Amino acid sequence: MKKYLYRIAITATFVTYAMLTIPVIACTTMIITKGASADGSMMVTHSDDDELGDQRVIRVPSLLQKGSRAIYTELYRYPRINTKDRGNYYFIDGYPLTPILYEIPYEDIWKLLGRKTEKSYAYFDANYGIMNEANLMIGECTNGANYQPEANVMASKGNPLRIFYTQELSRMALENCSSAREAVKFMGALIEKYGYFSTGETLLVADEDEAWVMEMCALPDDKYHSAWVAKRVPDGEFFVAANEFRIRTLEKDNPEYFMYSYMLEPGLKKTGWWDVAKDGPIDWLRAVSPGEYNHPYYSLRRVWRVMDRVNPDLGLSPWVNDGYTTAYPFSIKPKEKLRAHDIFALYRDHYEGTEFDMTKGIAAGPYGDPHRFIGNYDGNQNNISKDKEMVGAWERSLSIFYQGYTYVCEVNPNKPDLTKGVMWFGPDVSYTTVFSPFYSKVSDLPASFQTGGPQQFSNEAAWWAYNFVNNWSRLNFQLITNADIKPLQKKLEKKSRIIVSEMESKIANFDYENSIKYITESCMANGNNDIERWWGLATEIVAKYSDGYINLPDRKYATPEINPTRNVGYPSLWLFKTNYKEGPTSYRMK
C-alpha cells in the first residue's frame with residue numbers, strides 16, 4: 001500500500017513537471033565503421049540540434065550500484081537534471097531537485113543484464129549518453145511515430161507502464177555495458193519490461209568491432225506497448241540518419257545482423273498497423289511512422305547530401321517520390337576512407353555548390369548568410385501530423401543555427417587501451433565551432449564545458465564563447481567566417497590532431513595512474529586553450545566589424561599611407577534586388 005501511494009504522489013508530481021519538458025529534436029547522426037575509416041577507427045557522431053536547451057557535456061563518474069537506480073524525466077532547459085547522485089556537475093545549488101519518475105532495484109537490472117555490476121562505468125553525458133570509459137559509443141536522432149504517449153508510472157488495464165525515453169535508456173546502457181550488442185539487448189529488455197514513451201527514436205550503438213542502428217517507438221496497446229528493431233552496419237560501410245527511421249524490412253532469420261522485439265509482430269497486428277499474413281514482411285518505417293519528421297525533405301535532403309558527399313559515384317538523386325522512398329540505401333561504402341576531420345566537414349554543410357545552396361539567393365541577404373530562423377509561418381517543429389498545411393519551408397541543412405553541440409566519437413582498436421577512445425566535442429553550431437578532443441579515460445573535463453546554460457550569458461561557459469562568435473558572424477557572414485573564424489578553427493583543430501597523434505609516445509614510460517593524470521591534464525589544457533582563443537576571437541571581431549566597417553587595429557595596420565578603416569557596403573547583385581536604384585540620385589521627379 002505504501003508503494004502504491006508513493007507511485008500516486010510521483011505521478012501527480014510528474015504531471016506538473018512534464019508540462020515544462022520538451023523533447024530534444026532534429027538531429028543528424030552517423031556511423032563510420034572501422035573498415036570505412038582511414039585509420040581503422042569505429043566512429044559514432046551526433047549533432048544535438050536542440051535550440052536553446054541544456055548544452056553541457058558532463059563526465060559522470062563511476063558509481064557504486066546499490067539499492068535502486070532513479071529514472072528521471074528531464075527539463076528541456078538548463079539544468080536538464082538536478083540531482084546529487086551523478087557527480088558534482090549534475091547538482092546545482094539554488095535549483096530544485098529533479099523529481100524521480102521511477103526507481104528500479106539494481107537486482108532487477110542485473111537480471112536483465114544477466115550479470116551483476118557493482119560499479120557503473122564512467123561516461124560522458126549530455127542530453128543523451130555519449131561514450132563510456134569502456135569505449136561504448138552512442139548517437140541519437142528523434143523521429144516521428146504514429147503513437148507518441150506521455151510517460152506513465154502506474155500500470156493499469158489499457159494504460160501500461162511507460163518510464164523510458166532514450167535519454168535515460170542511453171545512460172543506463174553506458175553505465176552497464178561494454179559492447180554494442182549487449183547494449184542493444186539490454187535497452188531492448190528495459191523497453192519491453194518498463195515501457196517506452198514519447199517520440200520515435202534512433203540510437204546508434206557501437207564499440208570497436210560492431211555498430212548497430214537501434215530504432216524504437218511506443219505502440220497503443222496494454223500488452224504489446226512498445227517495439228524496437230536493430231540492424232548492424234556491415235564493416236566497411238557508412239550510415240546516416242536524420243529524423244526519420246532508416247530500418248525497413250524485418251530480417252527475422254539474421255541474428256548476426258538483425259535483432260527485434262518479441263512485441264513487434266503481434267503488436268503491429270493487434271493495432272492494425274501491419275499484418276504479416278496480409279501485408280508480407282514488416283516494413284518498419286511504413287508500419288510505425290508517418291515518414292519524414294517535419295516537412296518534405298526535412299530528413300531526406302540531409303540523408304542525400306551526406307551520402308552524395310561520402311560517395312558521389314553512386315549518383316543518388318536529391319528528388320524522390322515520397323517520404324517512404326527506398327532510393328537511399330541503408331548504408332554505403334565511401335569513395336575514400338574517412339577521418340574525424342572529414343566528418344567535421346560534413347556537419348559544416350549548407351548544401352554549398354548545389355541547387356539547394358543556402359548561402360545563395362535573396363534569403364541569404366547581402367552577405368551569404370545560410371541561417372534561416374523559425375517563425376510563425378513555419379509551424380511547430382515537433383509536429384509530425386500527416387495533414388498539416390504548409391505555406392512554405394526552408395531547406396534543412398546539417399549545420400543549423402539551433403545546434404546545441406556536435407560530437408564525433410572514435411575508437412581505434414589498434415591503439416593502446418588508454419588512448420584508443422576519444423570524443424571530439426564542439427559546442428554550439430558545427431560550422432563555427434572548434435572540435436576539442438577528450439579521451440574516454442580522462443578523469444575530468446574542463447569546468448567550462450560542464451557548466452552554464454543558454455538562458456543567462458556567462459563568459460565562464462564554453463558554449464557561450466562559440467554561440468557569441470556565431471551570432472556576431474551574421475553581421476557579414478561570408479567575410480567574417482572566411483577571414484576570421486575558419487583560419488583559427490583550422491589552426492586549433494590541427495593542433496588538437498597533433499596532440500592526439502603524439503599522446504602514445506608522451507605516456508609511453510608512465511604508469512597507469514600517471515598516464516591518466518597526463519591525458520586528463522593535456523585534454524583539459526587544450527580544451528581551455530580553445531575556449532580562451534575563441535573568446536579572444538570574439539573581442540577581435542566585435543571591434544573589427546563595428547558599425548558595418550572593417551575597422552583594423554591601429555597597432556597592426558595604421559601608417560600614413562594606409563587607412564585602417566574600410567567601407568564594406570553591399571554586393572551589386574543584392575543592391576539591385578532592393579529599392580536602392582530608386583533612391584535619391586537626382587532632384588528630378590521620377
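Every number here is computed from the coordinates shown, using simple stated rules; none is lab data. Just so it is clear, the structure is predicted and the values come from calculations on it, not from any experiment. Cβ coordinates were reconstructed from backbone atoms using ideal geometry, including for glycine residues, and neighbour counts include every protein chain displayed.
Rounded to the nearest 20 Debye, what is the dipole magnitude of the stretch 2-378 about its Cα centre when Lys and Arg each give +1 and Asp and Glu each give -1 at the C-beta?
Values: 43 positive and 51 negative charges, 214 e Å.
Using Cβ point charges on Lys, Arg, Asp and Glu, the stretch 2-378 gives about 1020 debye.
Which of ILE374, ILE163, ILE109, ILE138 comes first, and how do the rest follow, when ranked by fewest Cβ neighbours within 10 Å?
By the 10 Å Cβ count, ascending, the order reads ILE374, ILE109, ILE163, ILE138.
In what order do PHE245, PHE330 fall by count of nearby beta-carbon atoms within 10 Å, going from fewest to most? Intermediate values should be presented prior to the final figure.
Numbers: PHE245 29, PHE330 16.
Going from sparsest to densest Cβ surroundings: PHE330, PHE245.
Using amide H atoms built 1.01 Å from N in the peptide plane, name the residues 5+ places from GLY200, or on other chains, whose amide H lies under 5 Å from its own.
Under 5 Å from the amide H of GLY200 lie the amide H atoms of ASN143, ALA145, each far enough along the sequence or on another chain.
When the label point is put 7 Å from the Cα of GLN455 along its Cα-to-beta-carbon vector, which residues of the stretch 96-114 have a backbone N closer than 20 Å?
96-101
Mean 1/r over all different Cα pairs, inverted: what Kirkwood radius does the stretch 278-371 give, in Å? The partial results should precede the final answer.
On the way: mean 1/r = 0.0648 Å⁻¹.
Across the stretch 278-371, the inverse of the average 1/r is 15.4 Å.
Please state the charge dipole magnitude for the stretch 225-298, taken about the Cα centre, from unit charges on C-beta atoms (+1 on K and R, -1 on D and E), reported in debye and rounded to the nearest 20. Please report the intermediate quantities before stating the final value.
Working: 9 positive and 11 negative charges, 50 e Å.
Result for the stretch 225-298 is approximately 240 debye, rounded to the nearest 20.
Taking the beta-carbon count within 10 Å as an exposure proxy, list PHE238, PHE186 from fewest neighbours to most.
Final ranking by Cβ density, sparse to dense: PHE186, PHE238.
If you work out Cα extents along the principal axes in Å from the coordinates, which of [x] 85, 65, 50; [y] 78, 70, 62; [z] 83, 77, 51 do you get?
Here Cα extents along the principal axes in Å agrees with entry [x].
Given a Förster distance of 30 Å, report the FRET efficiency between ASP357 and ALA447 from their Cβ-Cβ distance, rounded to the nearest 0.05. Intermediate values should be presented prior to the final figure.
Numbers: r = 39 Å, r/R0 = 1.32.
FRET efficiency, ASP357 to ALA447: 0.15.
Report the FRET efficiency, 1/(1 + (r/R0)^6), for LYS111 and ASP417, where r is their Cβ-Cβ distance and R0 is 35 Å, rounded to 0.05.
Values: r = 30 Å, r/R0 = 0.86.
It comes to 0.70.
By how many degrees, between 0 and 90 and to the nearest 10, does the Cα long axis of helix 300-310 differ from the longest principal axis of the chain?
For helix 300-310, the angle is close to 70 degrees.
Alpha carbons only, please: Rg and Dmax for the stretch 393-542, in angstrom.
When restricted to Cα atoms, the stretch 393-542 yields Rg and Dmax of 16.5, 58 Å.
Work out, step by step, the length gained on full extension between THR578 and HIS341: first 0.36 nm times the residue separation, then minus their alpha carbon distance; give nm to one decimal. If you can, show how the numbers build up before the last one.
Values: separation 237, 0.36 × 237 = 85.32 nm, distance 3.97 nm.
That works out to 81.4 nm of additional length.
At 7 Å along the Cα-to-beta-carbon direction for both ASP235 and ASP93, put a label point, then send me their distance in nm to one decimal.
Spacing of the two 7 Å Cα→Cβ label points: 5.2 nm.
Pull out the extension gain between ILE498 and GLU256, defined as 0.36 nm times the separation in residues minus the alpha carbon to alpha carbon distance; nm, one decimal. Mind showing how you got there, number by number?
Details: separation 242, 0.36 × 242 = 87.12 nm, distance 3.78 nm.
Fully extending the segment from ILE498 to GLU256 adds 83.3 nm.
Per-residue HN-Hα couplings for the stretch 128-134, Karplus 6.51 cos²θ - 1.76 cosθ + 1.60 at θ = phi - 60°, whole Hz, x for Gly and Pro?
Per-residue couplings from phi come out as 9, x, 10, 7, 10, 5, 8 Hz.
May I ask you to compute the full-extension gain from TYR587 to ASP85, defined as 0.36 nm times their residue separation minus their alpha-carbon distance, rounded to one decimal in nm? Let's see the in-between values first.
Details: separation 502, 0.36 × 502 = 180.72 nm, distance 7.52 nm.
Additional length available on full extension: 173.2 nm.
Mind ordering 572-580, 339-347 by average Cβ neighbours within 10 Å, highest first?
Values: 572-580: 11.6, 339-347: 20.1.
Put in order of decreasing packing, that is 339-347, 572-580.
Once you put a point 7 Å from the Cα of PHE373 and another 7 Å from the Cα of PHE330, both along the Cβ direction, what distance in nm separates them?
4.3
Past the 28 Å Cα-Cα mark, which pairs from LYS34/LYS116; LYS185/LYS388; LYS337/LYS494; LYS34/LYS495; LYS193/LYS388?
Details: LYS34/LYS116 31 Å; LYS185/LYS388 37 Å; LYS337/LYS494 19 Å; LYS34/LYS495 24 Å; LYS193/LYS388 35 Å.
Correct reply: LYS34/LYS116; LYS185/LYS388; LYS193/LYS388.
For a protection proxy built on the mean count of beta-carbon atoms within 10 angstrom, sort 433-444, 56-67 highest first, please. Kindly include the intermediate steps, with their values, before the conclusion.
On the way: 433-444: 23.8, 56-67: 17.1.
Ranking, from highest mean packing down: 433-444, 56-67.
Go through the chain and flag any cysteine with no other cysteine's C-beta closer than 4.7 Å, please.
CYS177, CYS217, CYS409, CYS523
Using θ = phi - 60° and the Karplus relation 6.51 cos²θ - 1.76 cosθ + 1.60, list the HN-Hα couplings for the stretch 581-588 in order, rounded to whole Hz, with x at every Gly or Pro.
So the Karplus estimates, Gly and Pro as x, are 5, 8, x, x, 9, 7, 8, 7 Hz.
Once the Cα gyration tensor of the stretch 34-160 is found, what semi-axes does its equivalent ellipsoid get, as square roots of 5 times the eigenvalues, in whole Å, sorted largest first?
On the way: eigenvalues 128, 87, 78 Å².
Calculated on Cα positions only, the semi-axes equal 25, 21, 20 Å.
Output wanted: per-residue J couplings in Hz (rounded whole) for the stretch 249-259, from phi through Karplus 6.51 cos²θ - 1.76 cosθ + 1.60, θ = phi - 60°, x for Gly and Pro.
Taking θ as phi minus 60°, the curve returns 6, 5, 9, 6, 10, 9, x, 5, 10, 8, 9 Hz for the stretch 249-259.
So for each of 539-546, 204-211 I average, over its residues, the number of other beta carbons within 10 Å; can you give me the resulting order with the highest mean first? Don't skip to the end; give the middle numbers.
Numbers: 539-546: 14.8, 204-211: 24.0.
Order by mean packing, descending: 204-211, 539-546.
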